[in-house]
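Encoded as structure tokens, the structure appears first; notes follow it.
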Amino acid sequence: MSGEDVKSRTIFLVEDNKADIRLIQEVLKNSLLPHQVITARDGVDAMAYLNQEGEYKDALRPDLILLDLNLPRKDGREVLAEIKTDPKLRRIPVIVLTTSSNEEDIYHSYDLHVNCYITKSRNLSQLFQIVKIIEDFWLSVVTLPLE
Amino acid sequence: MINDTSLQSVDLTHLREAPIHFNTQIQPHGVLIVLQEPELSILQVSSNVYTHFGVTESDLLEGTLFDLLDPFQVEQIQTGLTAESLDYLNPTKIWVRKRGDDYAVFDAVFHRTSEGLLVLELEPTFAHENIPFLSFYHLARTSINRLESTTNLRDFCQIIVQEVRKITGFDRVMLYKFDHDGHGSVIGEEKLSHLESYLGLHYPESDIPKPARKLFASNWIRLIPDTHAEPVEVVPAINPITESPANLTNSVLRSASKCHIEYLHNMGVGASMTISLIKDGQLWGLIACHHQTPKYVSYELRKACEFLGRVIFSEISAHEETQDYDYRMQLTHIQSKLVEYMSQSENFVDGLVQHQPNLLNLANAQGAAVYFGGKYTLIGETPKEEDLNYLIQWLQANVNEDVFYTNSLPQHYPDAEKYKNVASGLLAIPISKRNYVLWFRPEVIQTVNWGGDPNNAFELSQAEGDLRISPRKSFELWKQTVRLTSLPWQLVEVKAALELRKGIVNIVLRQADELAQLARDLELSNAELKKFAYVASHDLQEPLNQVANYVQLLEMRYSNELDEDATEFINYAVEGVSLMQTLIDDVLAYSKVDVQAVEFELTDANTSLERALTHLRQRTAETKAIITHDDLPTVMADRTQLMQLFQNLVGNAIKFHSDETPKIHISTTRLEDEWLFSVYDNGIGIDPKFSERIFVIFQRLHTRDEYPGTGMGLAICKKIIECHRGRIWVESKLGEGATFYFTLPVGGQRSERRGRKVQNNIFGRGQ
């Protein structure tokens, strides 16, 4: 990383549970990186945002997507499949963040080209660690295409 | 019912069954004329015309009936022949002019042969034998009145023979009844007192062979007035129209076969008359009349006897049918009860044997067996299961009908002799090629009295180069002891069994349907369970995580502002959630252990153990436990489950350590067809009274403060072992360590497969 001005990062959090959204927001507050968190509560809304439809026509393209698998209206697996088959969206790193440790879910997600699959910790301090690692790795270490 | 007494050797059959109706001879007491209609030209005559008419055969042949009789009589006959039945004409009195004004009176009887020829038979009339119809009616009515006050068959028969003898004056009148197999016995007799009684005697089938029985069935009355009279030929021997011998099937004058005449001679019979008793088109029996000397019975009297026989016999039939009917109704009632019980039982077999009435009552049997789905259900006195296995094999190979019954099974299946005391009689219905219902009756030793030794019923003689049969000479009482037979199965019982078969087939089909439905339901509910497991692992965890995370966030953010109590409360909340999470995990793990989910493969137990130990690395290090093991075998098992099993058992051994350094050893021993594993520890041990309880789900012997855990570990172990068809148990004393044992079958499920193979060997046929 160069010493250039640090661009504010957009994190798109797709999660139906308000409490989980709030918790991740709280955890991200500790972050040193300038960022903003945009949330969607279901799969349909998430796709509308990503495709800049309707009220989202000026939506910011996210730098990272945190995706829960179990979502109302449109399932997280479908959202993942749509992102990863869309030429405009497929380069955005997607991290599945879910309580499910079901083998099928893990295999299926990687088959759909998820960038990584993380099982939500039951322990808050571990969650802090995980979020920090995500930030460090995906938003600092990794070189992503500039779009 | 009778041991095989008919000589079945090669050439006898055609000798015994020589076609009687090709007999071209008639008895000399009458005249037979074969005519062609409508001219009534004479084609054949019996060669005794000169004796009776005083004219020669050649005088008659090529002429017509007009040459023999007055035109007036012939015209009357011609009119009679146009009627739809010859019964209107029969019998007709005919006067034949012999010489000058000398007339002879005859009873004339007409019948048509199957070839369309008219046969006229003339028998001299004896005026004194003329009985008026009315007196005959009284006779019949009196007889029938006597019958109505009689209830059993034997008395019935006795009345018939008495009445027939009263009218005819024969020395002996007998009622002879045929068995299913053609043998017969005398069930009624009336005779001159000095004559030897034949009542109760049996006569072999060969005494009245099949062709004779056939003739009796078509010709209801037969008279041989003089058994010593020389028969006369019908000339010409070959009929010019049919170009074959005259067909005398329905001739009343037809002479009896040589063999039969000889038979009568051997019995000392000078004249005989036989009346056929027909039931449902079958020859049921005969009224046989014997006279020591020649005896003529007029056509009318014969007809009267026949009528009497028929009327009285119809009474017998009705009576027999009523008895049959009552029994049939009783069996129908039992059968419908059984069907009702079957449909109420979960397993239809229970419905057949667990109530009253049961299977035994349906066929009046002393034993019964249901062989269904490879299992026997026995009731009453039956052969042993291993004997039944062979019997069923035999049935599968030899019986294709819907029902098989015999009252002498050893005759058909010699192996049955060893259990003759329970199953000399067998009634069997196959439900399918593999499933049977069997009824058994025990041996009943009977003495059969034969009229002469049935084994020498006839002999072969060589006369004039012709091989022929001669009947036996002796009719002395010959007692035979019949073994290996049971009481015979009655037709109504056989029918009831067949009806039951239908009922069973319906219920089996319906139950198969229900089973298929159940399997579908189970499949559905299994799928539901899997869904539930997923929900439990995911949706149930989520709110718990939420509670845990926010409580922790509270603690983290506001630790400075909270007092000690608040921190303690928060800790309890976190602990509770964490325990709940572990419980969910363990219940989930338990529910995942399932026979269907077991993936049997060759698994090196060493590898499974090593993997388990890797998972336990941290706890091993913390407790400084020393874990050792023998070289373990390769087994047929699910490797994940085997690993889980070791992990739980070794994990427990570590957890429940004593003050000493934990020492754990895993070893194995080969037993006959299973591996015995043991996990030894030197820990705190278990009170033997709890050695069963520890394997039950959620059962714990300690508080969570002492030892954490959900009480699921050993329950999971037990389930894993059960899915592998093994056993698990513990040997321990409190304070002296514990050894957990478990077994795994050598080669996984091989023992089960072997079991099936054995079954295939026994029941291999017909599958």
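The values are calculated or read from the model by the stated rules, or taken from the named source; none is laboratory data. What you see is a predicted model, and the numbers here were worked out from it, not measured in a lab. A quick note on method: Cβ atoms are made from the backbone with ideal geometry, for glycine too, and the neighbour counts reach across all protein chains shown.
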Practice item. Tell me, yes or no, whether region A:117-139 has at least one residue that is within 25 Å of B:PHE532 (Cα to Cα), away from chain B (no Cβ under 12 Å), outside any helix (DSSP H, G or I) and not acidic (Asp, Glu). Key: yes
**Study point:** Listing of helices (runs of 4 or more DSSP H) fully contained in region A:1-107 that carry 1 or more residues being free of Cβ contacts under 8 Å to residues at least 24 places away in the same chain, surrounded by fewer than 22 Cβ atoms within 10 Å (Cβ to Cβ) and out of contact with any helix residue (DSSP H, G or I) (no Cβ under 9 Å at 6 or more places or on another chain)
**Key:** A:18-29, A:76-85
Exercise for review: Filter region B:242-279 for residues that are among the hydroxyl-bearing types (Ser, Thr, Tyr) and assigned to a helix (DSSP H, G or I) and give the result.
Suggested key: B:TYR263
Exercise for review: Among what's in region B:207-236 and is assigned to a helix (DSSP H, G or I) and among the charged types (D, E, K, R), pick the residue that is surrounded by the fewest Cβ atoms within 10 Å (Cβ to Cβ).
Suggested key: B:LYS210
Practice item. Test B:VAL587 against the stated conditions and say whether it is in contact with a Cys (Cβ under 6 Å, 6 or more places away or on another chain), in contact (Cβ under 8 Å) with a residue 24 or more places away in the chain and more than 14 Å from chain A (Cβ to nearest Cβ). Key: no
Check your understanding: Can you name the residue in region B:552-575 that is away from chain A (no Cβ under 14 Å) and either under 55 Å from the mean Cα position of the chain (by Cα) or in a loop (DSSP other than H, G, I, E, B) (or both) and, of all such residues, is surrounded by the most Cβ atoms within 10 Å (Cβ to Cβ)?
Key -> B:LEU562
Exercise for review: Would you mind stating whether B:ALA83 is of a type in the set (Gly, Ala, Ser), modelled with pLDDT under 85 and surrounded by 12 or more Cβ atoms within 10 Å (Cβ to Cβ)?
Suggested key: no
Review point. From the set of residues in region A:21-55 that are in contact with a strand residue (DSSP E or B) (Cβ under 9 Å, 6 or more places away or on another chain) and among the acidic types (Asp, Glu), which is farthest from the other protein chains (Cβ to nearest Cβ)?
Key: A:ASP45
Exercise for review: Restrict the check to region B:289-303 and report whether at least one residue is touching a helix residue (DSSP H, G or I) at 6+ places or on another chain (Cβ under 6 Å), touching a residue at least 12 places away in the same chain (Cβ under 8 Å) and part of a helix (DSSP H, G or I).
Suggested key: yes
Check your understanding: Among the residues of region B:318-325, is any buried (at least 17 other Cβ atoms within 10 Å of the Cβ) and either modelled with pLDDT under 85 or assigned to a strand (DSSP E or B) (or both)?
Key -> yes
Check your understanding: What residue, among those in region B:183-206 that are among the small types (Gly, Ala, Ser) and surrounded by fewer than 18 Cβ atoms within 10 Å (Cβ to Cβ), is farthest from B:PRO124 (Cα to Cα)?
Key -> B:GLY200
Revision key, fill the gap. B:ILE261: passes all of (1) over 39 Å from the mean Cα position of the chain (by Cα); (2) closer than 19 Å to B:GLY188 by Cα but (2)
Review point. Name the residues in region B:520-551 that are modelled with pLDDT of 80 or more, closer than 20 Å to B:LYS592 by Cα and within 7 Å of chain A (Cβ to nearest Cβ), would you?
Key: none
Check your understanding: Looking at this structure, is B:LEU583 within 28 Å of B:ASP681 (Cβ to Cβ), outside the structural domain of B:VAL650 (by TED's automatic domain parsing), at pLDDT below 85 and in a helix (DSSP H, G or I)?
Key -> yes
Review point. Does B:GLU599 satisfy the criteria of being exposed (fewer than 15 other Cβ atoms within 10 Å of the Cβ) and either in the same structural domain as B:THR640 (by TED's automatic domain parsing) or among the aromatic types (Phe, Trp, Tyr) (or both)?
Key: yes
